[in-house]
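The values are calculated or read from the model by the stated rules, or taken from the named source; none is laboratory data. Quantities reported herein were computed from a predicted structural model and do not represent experimental measurements. Using ideal geometry, Cβ is built from the backbone for each residue, glycine included, and neighbour counts are taken over all protein chains shown. Just the protein is used for accessible areas: all its heavy atoms, side chains included, with ligands, DNA and RNA removed. Shrake-Rupley method; radii C 1.70, N 1.55, O 1.52, S 1.80 Å.
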Amino acid sequence: MEIIFLGTSAGKPTRTRNLSAIAVKPIDSKDWCLVDCGEGTQYRILNSNLSLSRLKTILITHVHGDHVYGLPGLLGTAAMDGRQNELDLVAPINVIKFIVSALENTFMHLTYKLNFIPIEELKDELSFGDIKIKIVKLSHGVDSYAFVFTREIIKRKLNIEKLKEDNVPQGPLWGKLQNEQNVEINGKIFFSKDYLNKIFINKNTIICGDNDNPKMLDKVIKGTDILVHEATFTSDADSELLEVSGHCTAENIAKYAEEKKVPNLILTHFSSRYADVAVDSNKNSIKDIEEEAKKFYKGSLYLANDNVIYLLNDDKILEKK
């Protein structure tokens, strides 16, 4: 799966960071889904290889404006582009009320059916192509959710010992057997199924909404390959702000990811008080968030930037494109 960051700022945009939005796309498909839709998300989409006509599902983590204010414009643009295919909107009920009101009061006409799916009423996991999506409640003052994306892949591995034992010549014939094709040698048929071991691998990615308590993920964190989580502040931010914000610090999420042995941690949703590059030693920067996280987390750490794509390959190694 590809994880494409369309917005990585918290609360308000900066010159280099848009508001919260993440695209999730299978590498072998042009279909995709969108997690959150902060103001200006459609501008980021214009600078990507994503097509609004291939957007299948929108998932909204919670009602706050920096995660939803881009929705009316994006829905309207899809209509003006002539979209006909149905679109699912999975969101808290208050987000759905917001969108219904926006559509009605601006007299917006959609050319497609928009399916409203309140998260509060969901009892079963969702699916997006061959990807299963589980929903987990978080802690943020208002109802906030994480989405667990699981895709089962089948990796075909040749039984080299048996091939040599049966004197199957190495080369193109091995390639055919690996591609599930039977081969003939001197009148004898060699069946692919006899030489091919299928390994079933689950790839698990968790993308979280705002959350001040990582332990809310305890029931789903096992086996996670990638955890995408907010790190809005560092732990030395104003104590009163941390107490009422409902947000997580880099220290808190780094400690949790290390404790749970998560191999890949991607931090996002950075407060605008943290500049990409500090102009002087007295200013906060994204580097502060990175350095704090590295003190407590020893796995592969990434700090997300807009328009950056991450890909988990078949060997479960996270690559940055």
Q | FRET efficiency, 1/(1 + (r/R0)^6) with R0 22 Å, evaluated for Asn313 and Asp130 via beta carbons | A | 0.80
Q: Quick one: pull the percent of accessible area on segment 39-85 belonging to carbon and sulfur, 1.4 Å probe, ligands and nucleic acids left out.
A: 47
Q) What residue among Leu103, Leu241, Leu177 shows peak mean-square fluctuation when the chain is described by a Gaussian network model with Cα springs under 10 Å? A) Leu177
Q. Under a GNM of the chain (C-alpha, springs under 10 Å), which listed residue has the highest mean-square fluctuation: Lys287, Lys162, Lys137?
A. Lys162
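Relative contact order of segment 96-189: what whole-number percent is it, with Cα pairs under 8 angstrom and at least 6 residues apart?
Numbers: 58 pairs, mean separation 12.3, N = 94.
Averaging sequence separation for qualifying contacts and normalising by length gives 13 percent for segment 96-189.
Averaged per residue, what accessible surface does segment 215-321 expose to a 1.4 Å probe, in Å²?
Details: 5430 Å² over 107 residues.
Spelled out: the 1.4 Å probe surface of segment 215-321, per residue, equals 51 Å².
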Q.
Bin width 10 Å, origin at 0, all Cα-Cα pairs of the chain: what percent of pairs per bin?
A. 6, 24, 30, 19, 11, 7, 3, 0
(Q) Considering only protein heavy atoms and a probe of 1.4 Å, how much of the accessible area of segment 191-251 is carbon and sulfur, as a whole percent? (A) 49
(Q) Cut-off under 18 Å on the C-alpha distance; same-chain residues fewer than 8 positions from Lys162 excluded. Which aspartates and glutamates are left, in chain and number order? (A) Glu180, Glu184, Asp194
Q: Using the structure shown, select from Lys222/Lys260; Lys134/Lys222; Lys25/Lys193 the pairs with a Cα to Cα distance greater than 19 angstrom.
A: Lys25/Lys193
Q: State, as an integer percentage, the relative contact order of the chain based on alpha-carbon contacts under 8 Å between residues 6 or more apart.
A: 16
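When averaged across all projection directions, what area in nm² does the alpha-carbon convex hull of segment 141-275 cover? Before the final figure, lay out each step's value.
Values: hull surface 48.9 nm².
Average of the hull's projected areas for segment 141-275 equals 12.2 nm².
In terms of solvent-accessible area of protein heavy atoms at a 1.4 angstrom probe, what is the ranking of Val244, Val95, highest value first?
Working: Val244 120, Val95 0 Å².
The most accessible residue leads, giving Val244, Val95.
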Q: Step through the residues of segment 147-158 one at a time and calculate ³J(HN,Hα) from phi using the Karplus curve (6.51 cos²θ - 1.76 cosθ + 1.60, θ = phi - 60°), rounding each to whole Hz and writing x for Gly and Pro.
A: 10, 9, 9, 10, 10, 8, 10, 10, 9, 8, 10, 6
Q | Probe 1.4 Å, all protein chains present, accessible-area order of Leu138, Leu242, largest first | A | Leu242, Leu138
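What part of the accessible area of segment 261-321, given as a whole %, is carbon or sulfur when the probe is 1.4 angstrom? Don't skip to the end; give the middle numbers.
On the way: 1540 of 3280 Å².
Answer for segment 261-321: carbon and sulfur cover 47 percent of the accessible area.
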(Q) Tell me the per residue accessible area of segment 50-188 using a 1.4 Å probe; a whole number in Å² is fine. (A) 55
Q) Once Lys and Arg get +1 and Asp and Glu get -1 on their Cβ, which of Asn85, Ser101, Ile154 lies farthest toward the positive end of the dipole of segment 55-202? A) Ile154
Q. From the phi of every residue in segment 41-54, what ³J(HN,Hα) in whole Hz does the Karplus formula 6.51 cos²θ - 1.76 cosθ + 1.60 yield, where θ is phi - 60° and glycine or proline is x?
A. 4, 5, 5, 5, 4, 4, 9, 10, 8, 7, 10, 4, 6, 9
Q) Considering only protein heavy atoms, what is the solvent-accessible area of Glu230 at a probe of 1.4 Å, reported in Å² to the nearest 10? A) 0
Q: Return the FRET efficiency for the residue pair Asp166, Lys198: r is the Cβ-Cβ distance, R0 is 22 Å, and the value is rounded to the nearest 0.05.
A: 0.70
Q: Heavy atoms only, probe 1.4 angstrom, no DNA, RNA or ligands counted: give me His247, His64, His109, His269 ranked by accessible area, highest first.
A: His109, His64, His247, His269
